[in-house]
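The values are calculated or read from the model by the stated rules, or taken from the named source; none is laboratory data. Predicted model only: the values in this text are computed from it and were never measured. FYI the Cβ positions are ideal-geometry reconstructions off the backbone, even for glycines, and counts take in every protein chain you see.
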Amino acid sequence: MSFVNPQLFWILILPLIVFTVVILRHKGSVTSVFSEEVLKKLSIGDDSLPLVVRNSLLLLAIFFMLIALARPVFDHGDKVVQLKGLSAVVALDISGSMRAKDIYPNRLEFAKKKMLSLFEEMPSDELSVVAFAHSAFMLAPFSSDKETLSQMVGGVTDEYINMSSTDFSHLGAYVAKILEKKEPKILIVFSDGGEKKDLEKFTQIIKNNNIYLYVVLVGTQKGSPVIDEEGKKVSKNGAIVITQRNDALGQIAFDNKGAFVVANTGTQSIKDLVATIKAQHQSKAQGEVTIHDREEFFYYPLALGILLLLLGFSSLPQRIQNVK
């Protein structure tokens, strides 16, 4: 048994000792300061408990409360705790097609909302966030702080959208470098799909680097007009350009021991995807942290002090009634 704040106990015990001596032994010193009429009003006295017993209870109550302030603990020493979880890169598509409004309010905002749901389902896992279109760049390095990751994703606005086509081969090469020292190598992509030629190169990259691909597809197969920076529909050769969800990206994930879901308005699709990831990959050690293990016992003297305090004041209502 030891105390976390022993100095606090010794500082406060001295005034208590002085006060105890004055109350129990030197009543005359008190009466020299206060008149008998004032002392009578300040004192708690009736026939239910002798004054000496009552004062003793109150002083003991204060004493045990001081012990509680000193925080008695049982010290178990230092312990090394292994941090468990998965490491994964989460990629957000910011190509021009993500402005399409076939899902409310548009594909980008919908994908961001689904990413936040993913963070909630993976609270102890270490995630890195990247954005990609024609090229890829990092939004946030590996972190278990989901609040910070959510803020970074929330900061991705319409201004980030690149009207060029999605280059999945560049994404694959970029992620391969990020995941080089991670095991297993997990990539979770939020996208509406990509061009066939780019997906072929992308497939080869993830195979060569043993990357497990998981995909959250956004958008509809029916499609929607492509919207430019000014909010106008993009046209080509006099015809409105329509962008459709390409499920080929999901099939690539499925064929390479991964999985995919089509995002819907609920959270079940994300929960199912995370459950699949957890089932396929056991949590790996992300490192270790040393903690000082202590068992708190302050509540015992605190409870005893409160009990004695209540006993000391137990006849207070009766005294008030007699005064009336």
- Go through the range 70-108 and give me each residue that's without any contact (Cβ under 8 Å) to a residue 60 or more places away in the chain and buried (at least 18 other Cβ atoms within 10 Å of the Cβ). Leu108
- Task: Residue by residue through the range 112-129, note down the ones that are in contact with a Leu (Cβ under 6 Å, 6 or more places away or on another chain) and closer than 16 Å to Ser191 by Cβ.
- Result: Val129
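From the list Lys236, Lys222, which one is assigned by TED's automatic domain parsing to the domain that holds Gln282 and over 27 Å from Thr265 (Cβ atoms)? Let's see the steps before the verdict.
Values: Lys222 fails: over 27 Å from Thr265 (Cβ atoms).
Result of the check over Lys236, Lys222: Lys236.
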- Within the range 1-36, work out how many residues are at pLDDT 70 or above and either of a type in the set (A, V, I, L, M, F, W, C) or in contact with a Phe, Trp or Tyr (Cβ under 7 Å, 6 or more places away or on another chain) (or both). 16
- Can Ser124 be described as touching a residue at least 40 places away in the same chain (Cβ under 8 Å) and in contact with a Pro (Cβ under 9 Å, 6 or more places away or on another chain)? no
- Query: Could we say that Leu171 is within 27 Å of the chain's Cα centre (by Cα) and crowded, with 19+ Cβ neighbours inside 10 Å here?
  - Reply: no
- Check Thr203 against each of (1) within 34 Å of the chain's Cα centre (by Cα); (2) farther than 19 Å from Gly96 by Cβ and name the one condition it does not meet. (1)
- Odd one out for Val130, checked against (1) of a type in the set (A, V, I, L, M); (2) more than 18 Å from the chain's Cα centre (by Cα); (3) modelled with pLDDT under 95: (3)
